[in-house]
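The values are calculated or read from the model by the stated rules, or taken from the named source; none is laboratory data. This is a predicted model, so every value here is computed, not measured. Backbone-built Cβ (ideal geometry, glycine too); neighbour counts: all protein chains shown.
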Amino acid sequence: MKQIILSLMLALAVLVSCSDNKPVEESKPVVISYVAGYNGNVDVNRIPAEKITHINYAFALIQDGKVILANEAVDAANLKALTGLKTQNPDLKVLLSVGGWAGSKNFSDAVLTAEGQKAFAKSAVELVKKYDLDGLDIDWEYPATAGAEGNIFRPEDKQNFTLMLAAIRAELDAAAAGNDKKYQLTAAVGGHQGFIDNTEMAKVQEYLDYVNIMTYDYQQEGKAVHHTNLKPSEKYQPSASASKSVDAYIAAGVPAGKLVMGISAYGRVYQLKKGWDKGFDPAESKYTTKSYTNIKDSLVNQQEYYRYWDDAAQAPYLFNFYKGIFITYDDEESVKAKCSYVMTNGLAGVMMWEQGNDNKSYLINAISQSLK
């Protein structure tokens with residue numbers, strides 16, 4: 001009898017325990033929108049706060065080894081306005097992005113030593129606290145290799161990139177301990193194998209909430225090709241793509257659940273050399289860019305710019321046969337394909353560069369509908 005009573009008590013304990021374990025709610029995909037503060041005052045009325053999860057404010061710069069605001073008066077006003085969007089979306093996160101293509105020159109020097117890494121991290125976190133932000137995004141273009149002309153880089157960047165992020169994570173955690181807040185740390189990373197080879201992504205990801213892959217700018221020297229396609233194209237070889245970049249980061253040790261796929265809100269415009277045929281042809285070395293708003297409103301199937309769809313690449317392009325102009329870009333159809341890929345493959349979500357080029361929310365609306 002005693003044994004029966006003990007068995008019944010044990011079974012009851014298990015039932016009670018199970019009833020206390022509520023189902024774990026699946027996290028929703030993140031929708032990160034970069035906002036370019038370097039263009040001046042941000043019009044927050046054009047930002048659909050309820051349709052995004054994160055705003056990454058670009059860019060803070062590096063001076064004398066410390067992180068600073070590029071234009072303190074404008075940036076302070078912008079950050080206040082952006083954090084004010086939480087009245088529309090209380091769950092919105094606003095992060096300060098450091099670096100960028102034109103702002104990565106001083107990373108290597110700043111984080112060359114342990115003391116430098118700590119000073120860099122402390123200065124960055126001080127800005128987070130001062131402007132009541134939710135964390136930091138690091139956009140170093142690029143560790144251990146040249147990005148923009150004149151950038152400082154050295155082999156030690158490979159390890160120092162990891163150590164820098166570890167220092168920032170420690171500084172953020174220390175700050176959070178004082179106010180019971182969870183600060184986030186993310187990084188924008190190159191969509192090419194070179195970035196992976198020059199970093200320690202398996203170690204790096206341990207300090208990051210999200211790894212934002214810049215799955216755009218897949219241009220090739222002297223040829224007009226897709227710059228932000230989801231899959232490889234069959235129209236030219238070799239063909240880089242977002243899916244290839246994702247596979248490469250997973251192979252490098254980054255969990256799929258931390259990866260964020262990039263969406264381009266701008267198109268690249270190529271003037272082809274004489275003798276063009278189908279668009280994927282030799283191009284002049286220089287290219288220009290256009291916002292997606294401009295492309296959609298003024299060019300798609302207008303002014304002799306005809307839209308085509310590359311089924312293999314899951315990407316659109318415009319071609320003006322009469323002028324020999326080729327335009328590669330993301331649109332609603334390609335965005336939906338990317339969002340479907342994200343959901344199917346268990347990625348964290350998507351990010352868009354940058355909000356000002358989608359100021360009518362054509363792409364954000366497509367993202368929002370696709371990730372419901």
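Values for this structure:
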quantity: In the range 217-230, the residues that are assigned to a loop (DSSP other than H, G, I, E, B) and surrounded by fewer than 19 Cβ atoms within 10 Å (Cβ to Cβ); calculated: Asp217, Gln219, Glu221, Gly222
quantity: Answer from Ser233, Ser239 - the residue that is within 27 Å of Ile32 (Cα to Cα), in contact (Cβ under 8 Å) with a residue 40 or more places away in the chain, part of a loop (DSSP other than H, G, I, E, B) and over 22 Å from the mean Cα position of the chain (by Cα); calculated: Ser233
quantity: Any chance Gly346 is farther than 16 Å from His226 by Cβ, modelled with pLDDT under 95 and in a loop (DSSP other than H, G, I, E, B); calculated: no
quantity: Output for the range 322-335, where each listed residue is among the aliphatic types (A, V, I, L, M) and either part of a helix (DSSP H, G or I) or without any contact (Cβ under 8 Å) to a residue 60 or more places away in the chain (or both); calculated: Ile325, Val335
quantity: Contacts under 7 angstrom Cβ, first residue in the range 246-261 being within 15 Å of Asn198 (Cβ to Cβ) and touching a residue at least 40 places away in the same chain (Cβ under 8 Å), partner β-branched (Val, Ile, Thr) and part of a helix (DSSP H, G or I), 6 or more apart; calculated: Ala248/Ile196; Tyr249/Ile196; Ala252/Ile196
quantity: Per-region count, the range 189-216, residues without any contact (Cβ under 8 Å) to a residue 40 or more places away in the chain and buried (at least 17 other Cβ atoms within 10 Å of the Cβ); calculated: 0
quantity: Search result, residues across the range 62-98 that are free of Cβ contacts under 8 Å to residues at least 60 places away in the same chain, within 19 Å of the chain's Cα centre (by Cα) and closer than 28 Å to Ile152 by Cα; calculated: Leu96, Val98
quantity: Residues satisfying the stated conditions in the range 182-216, i.e. among the hydroxyl-bearing types (Ser, Thr, Tyr) and touching a Pro at 6+ places or on another chain (Cβ under 9 Å); calculated: Thr199
quantity: Residue within the range 304-322 that is among the acidic types (Asp, Glu), crowded, with 17+ Cβ neighbours inside 10 Å, in contact with a strand residue (DSSP E or B) (Cβ under 6 Å, 6 or more places away or on another chain) and within 14 Å of His226 (Cα to Cα) present; calculated: no
quantity: Cβ pairs under 7 Å, 6+ apart, first in the range 173-188 and in a helix (DSSP H, G or I), second surrounded by fewer than 17 Cβ atoms within 10 Å (Cβ to Cβ); calculated: Ala175/Lys129; Ala176/Lys182
quantity: Within the range 307-353, tally of residues that are closer than 26 Å to Gly257 by Cα and of a type in the set (Lys, Arg); calculated: 2
quantity: Hits in the range 47-75 (condition: of a type in the set (Val, Ile, Thr) and over 29 Å from Tyr362 (Cβ atoms)); calculated: Ile62, Val67, Ile68
quantity: Pairs where the first residue, in the range 46-61, is touching a residue at least 40 places away in the same chain (Cβ under 8 Å) and the second is charged (D, E, K, R) and crowded, with 24+ Cβ neighbours inside 10 Å, C-beta under 8 Å, 6+ apart; calculated: Asn56/Asp137; Ala58/Asp139; Phe59/Asp139
quantity: Residue check for Lys338: crowded, with 24+ Cβ neighbours inside 10 Å and either at pLDDT below 95 or part of a helix (DSSP H, G or I) (or both); calculated: yes
quantity: Identity of the residue in the range 122-148, in contact with a Gly (Cβ under 9 Å, 6 or more places away or on another chain) and of a type in the set (Ser, Thr, Tyr), that ends up farthest from Glu200 (Cα to Cα); calculated: Ser123
